[in-house]
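Just so it is clear, none of the values below were taken in a lab; they were calculated from the coordinates. Computed from a prediction, not measured in an experiment: that's the story for all the values here. Don't worry about glycine lacking a Cβ; one is built from the backbone with ideal geometry, like all the others, and counts go over all protein chains shown.
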Amino acid sequence: MIGAVGDDEFGPSLISSLKSSLIDTTSVQTIPHQSTGVAVILVESDSGENRILLSPGANHSLTPQTFTHTTSLGTPHPDLLILQLEIPLPSILQILTTATKNHIPVLLNPAPAQKLPPSAYPSITHLILNETEAAILTSRPISSVASPTFDWRTVTSEFLSLGCKTVIITLGAKGAIFATGNTYEHIPAEKNVKVVDTTAAGDTFVGAYAVELVRNGDADVDALVAAVAKACKAAARTVEKEGAQSAIPWADEVERSIL
C-alpha cells in the first residue's frame, strides 16, 4: 500500500491494522506535524444509505514529486495500481503519467468525485464509479442519472471515447453496468439482500474486482463480466453488516454465498 498517515494517535493504529491483514506498509509514510486522514460516516437507519464527511489530513501531503519514479508505485513491478481521489489531483495525474510510462495498468475509483482533465482518461485501464460520480465526471445533473429510463450507454460511451479501456458503473441494488470495446452488459445485483449499512460497499466491489482481474487477466471479456458479478456478490455481503472495514467479507464468505 502507498499512502500517508500523521504522527498522531491514529497513524500507528491504522498501520498496525494493515499489518494484521498482511498488507505491506513499507510505502506508507508518517508525516510529522500532520493529522491522519479521518472520516465521519452518517448512516440512515431506515435505508442503510450513508454520507461521509472527510478530513484528508496527511493524505494531502503526497505531492506529485513523490511519484515521478517507477519504484514510487511499488516494487516489484505492480500487476495493477488501484487509485482513488483522496490525494491531490496533481498527484493523481503524475501517478497516471508514471504508470503509463512503465506499462502499469490502473484501476481508478474517482471518489470523492471531481472532474478530471480529458488527458487523464487514456491512462485509466479500468474506471469504476457509482451513479453520482458518473454524473459529476460527465457534468450531468445527478437527478438525470437517477431516472429509471436513463440510458447508461451514453455515459459509458463517453468514457470509452475519452480513452478508458473498461468502464464499470455500480448501481447499488440494480447491479452494475460493464462496458469495454463493443461490449455493453448489465450485471444484476444479488437478490434477497437485507441492507443494514452501505458503507464500504464500493470499496468492497473495487477490491473483489481487482482480485479477479489480477488472477485471471483482462484479455477475456467473459472473465471480466464474471469479475463484475463476483464483485456484486462481495458488495452484497458488505451491506448486510454494520461498519466499514469490519463489514468487508473474506473470500471464503463470498464463495459460500455463491454456492
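Which whole-Hz couplings ³J(HN,Hα) result when phi for each residue of the stretch 200-217 is put into the Karplus expression 6.51 cos²θ - 1.76 cosθ + 1.60, θ = phi - 60°, listed in order with x for Gly and Pro?
Whole-Hz 3J(HN,Hα) from phi for the stretch 200-217: 6, 4, x, 4, 4, 4, 4, x, 5, 4, 4, 4, 5, 5, 5, 5, 10, x.
How much length is gained on full extension from residue 54 to residue 241, taking 0.36 nm per residue of separation minus their Cα-Cα distance?
On the way: separation 187, 0.36 × 187 = 67.32 nm, distance 2.17 nm.
Using 0.36 nm per residue and subtracting the Cα-Cα distance, I get 65.1 nm.
For the stretch 1-61, give me the percentage of DSSP beta bridges that are antiparallel, rounded to the nearest 5 percent.
Values: 6 of 11 bridges.
Within the stretch 1-61, antiparallel bridges account for around 55 percent of the total.
Springs between alpha-carbon pairs under 10 angstrom, Gaussian network model over the chain: which of 194, 233, 241 fluctuates most?
Checking each option, the largest mean-square fluctuation is seen for 194.
Collect residues whose amide H, placed 1.01 Å from N in the peptide plane, falls under 5 Å from the amide H of residue 35; neighbours closer than 5 in sequence don't count.
Close amide H contacts, sequence-distant or interchain: 58.
Once phi is turned into θ = phi - 60°, what whole-Hz ³J(HN,Hα) does the Karplus curve with 6.51, -1.76 and 1.60 give for every residue of the stretch 138-146, x standing for Gly and Pro?
Listing the rounded values in order: 10, 6, 9, x, 4, 4, 5, 6, 7 Hz.
From the convex hull of the Cα coordinates of the stretch 1-61, what is the mean projected area in square nanometres? Mind showing how you got there, number by number?
Numbers: hull surface 19.8 nm².
For the stretch 1-61, the mean projected area of the Cα convex hull comes to 4.9 nm².
Looking at the chain, which longest stretch skips every one of the GluC sites (Glu not before Pro) that is in a DSSP loop with at most 12 other Cβ atoms within 10 Å, leaving the sites themselves out? Walk me through the intermediate numbers first.
On the way: sites that count: 9, 44, 242.
Answer - 45-241.
How big is the antiparallel share of DSSP beta bridges in the chain, given as a percent to the nearest 5?
On the way: 16 of 32 bridges.
Expressed as a percentage, antiparallel bridges in the chain total about 50.
Most mobile of 46, 203, 79 per a Gaussian network model of the chain (Cα springs, under 10 Å)?
46
Roughly what would the spin-label model give for residue 153 and residue 10, points 7 Å off Cα along C-beta, in nm?
4.5 nm
Got a sec to turn the phi values of the stretch 71-76 into Karplus ³J(HN,Hα) couplings, 6.51 cos²θ - 1.76 cosθ + 1.60 with θ = phi - 60°, whole Hz, x for Gly and Pro?
Values per residue, Gly and Pro as x: 5, 5, 9, x, 10, x Hz.
With Cα Rg over 2.2 N^0.38 Å in mind, check (1) 2.51; (2) 1.08; (3) 0.99 and report the label derived from this structure.
The listed entry that was calculated here is (3).
Express in nm, to one decimal, how much length is gained between residue 221 and residue 140 on full extension, taking 0.36 nm for each residue of separation and deducting their alpha carbon distance. Intermediate values should be presented prior to the final figure.
Working: separation 81, 0.36 × 81 = 29.16 nm, distance 2.86 nm.
Going from the current span to full extension adds 26.3 nm.
Each label point is 7 Å from the Cα along the Cα-to-Cβ direction; what then is the distance between the points at residue 71 and residue 195, in nm?
Going from the residue 71 label point to the residue 195 one covers 4.7 nm.
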